[in-house]
1. Evaluate peptide B:76-86: per residue, the Cβ atoms of other protein chains within 10 Å of its Cβ; return the mean as an integer.
2. For a test of the definition: using alpha carbon positions, the gyration tensor, and the 1.5 limit on a/c, classify chain A as rounded, prolate or oblate.
3. Grab the beta carbon distance between A:ASP19 and A:ASP211, set R0 = 22 Å, and tell me the FRET efficiency rounded to 0.05.
4. Please work out whether the range A:224-278 counts as rounded, prolate or oblate from its C-alpha gyration tensor, where a ≥ b ≥ c are the square roots of the eigenvalues and a/c under 1.5 means rounded, while otherwise a/b larger than b/c means prolate and anything else oblate?
5. For the range B:1-64, just say rounded, prolate or oblate: build the C-alpha gyration tensor, square-root its eigenvalues into a ≥ b ≥ c, call rounded for a/c under 1.5, and beyond that prolate if a/b exceeds b/c, oblate if not.
6. With a probe of 1.4 Å, find how much accessible area the range B:123-196 has per residue, and write the answer as a whole number in Å².
7. Using a 7 Å offset from the Cα along the Cα-to-Cβ direction at both A:VAL135 and B:HIS140, what is the distance between the two label points in nm, to one decimal?
8. May I ask you to derive the FRET efficiency for B:ASP178 and A:ASN67 from their Cβ-Cβ distance with R0 = 60 Å, giving the value to the nearest 0.05?
Amino acid sequence: MSAAIDNHWYPVAMISGIDAPRETLLLGKKISLGRDGGACWVKNAQGTPLPTVERFGHLWTSPGQPNRDLFTIPEADSPGRRLVDVGSVKVKCSPLRAVENFLDIAHFPFVHTDILGAEPHTEVDRYDVKIREEVDEVWATKVKFYQPQAAKSAAGGITTEYMYRVPAPTCSVLYKTCPPRPGEWDIITLFVQPLTDEWCEVWPWMALYDDDSTMSEMVSFQQLIFMQDRSILENQLPRKLPLDPGMEVPTQADMTSVAYRRWLKKIGYTYGAKLVAA
Amino acid sequence: MDWIAVGLAQDVPPGVVIPSRIEDTEMAIWCTPSGRYHAWSDRCPHRGMRLSHGFVRGETLACIYHGWQYNETGSCDYIPAHPKLTPPDTICVPTYTCVEDGGVIWVSLNSGNDPLPALGARVPIRSVPVSLSAKDVAAHFGTAGFTTIAVVSDYDTLLAVQPCTDTSCILHVLATPDADPKAVSRWVEELRTTLEGVPA
């Protein structure tokens, strides 16, 4: 594997879920992980320890030599937020397809009907997208969409504002209007562990302002959403994400996905990507 | 091999879409509310979603992922994310020649100029998946071609064979109109067991 792929941090477990040592896959290779006392460890197939970071309730590792620290989400540290470990969903698709779906709002009325979207509110207004060179991240801002039930905490339909951030090739952070606290952002993340280039484990994590819902209500809400997404992700052809134009047809609503694909190509991130147009 | 049976009309009523395949060609087979059949590539050009998971709305087939609607020629008519936009003609789904005849949905991946297989007075009974290639099914009956195979039975049966993979096919079974469908059904279950080589 190339440095452009190995030298990133990848989520491999929810810290609260680590008890006995276990094996998993990262980029098609076996790794093992566990906990000794307070500290988590990860080893490759040869038994060599790999670097670890414990952050956002998850254990992160890298098969290479990351040239920068794992990204941070400073907003998630503000007091009053509830941090929600959602669990994981294994999906038979490229890790990049999973991230791209997370960046897409136009599917809400059709896949998350009457929750995150509903006809006739299907129009996607123009929003801003750019690759922020100074931090090497993809950002989409001023994304607005009408949602019948934007979160567990929403009392009815509202126009929700979104900001999307792609701080690493298989991770995305969503900042979204917080129904009980206008002016603040709820944070929903998608951390994707590439098991192979066509199979991934998705670890969503949330930092929400919601004083009323129980933890299990918030988890169930998000799991329902991801199960709906899985029915799409396992039925896209090809399973890998095409990075070259020509195989798929974007529109203005897909500006985030277009920027994401362009950025992956620019940084040479080809794991789970399809490079030659069919 | 020109015309291949890809399903029975009774299993694809108006307003329904199903997945089907001829070898490596995966298709969405759908029937318009007014009863016309279509066989399309099973892939939305937008983001590659299988159209067989979509839904029929009016005389169009809509993709389940973003609701893009394709008219009967395969051209995209409507993109819900951009309701005021007239989609360019270049956004279209590859289509295959498809007709319904004798209660069977036939697809041609070639010219579609060959005459349709003659079914006589037979009527469709049911479709049965078999874990054996279409070629091996034909070999079992001692024929080279497998589009349709007449089989001597009490029911004047005819098999329209749909090749799927190297190890599977679907038999669309037709029989004489006065045959008891349950009896034909039992007959084809036995045939399947024989073909798959499983001891009864």
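The values are calculated or read from the model by the stated rules, or taken from the named source; none is laboratory data. Quick caveat: nothing in here was measured; it's all calculated off a predicted structure. Reconstructed Cβ throughout: ideal geometry from the backbone, glycine too, with neighbour counts over all protein chains shown. Protein only, heavy atoms only, side chains kept; ligands, DNA and RNA dropped before computing areas. Shrake-Rupley method; radii C 1.70, N 1.55, O 1.52, S 1.80 Å.
1. 5
2. The shape class here is oblate.
3. On the way: r = 31 Å, r/R0 = 1.39.
Computed FRET efficiency for A:ASP19 and A:ASP211 comes out at 0.10.
4. Numbers: a/c = 1.67, a/b = 1.47, b/c = 1.14.
Prolate, since a/c reaches 1.5 and a/b exceeds b/c.
5. The shape class here is oblate.
6. Value for the range B:123-196: 47 Å² per residue.
7. 6.3 nm
8. Working: r = 78 Å, r/R0 = 1.30.
Efficiency at R0 = 60 Å is approximately 0.15.
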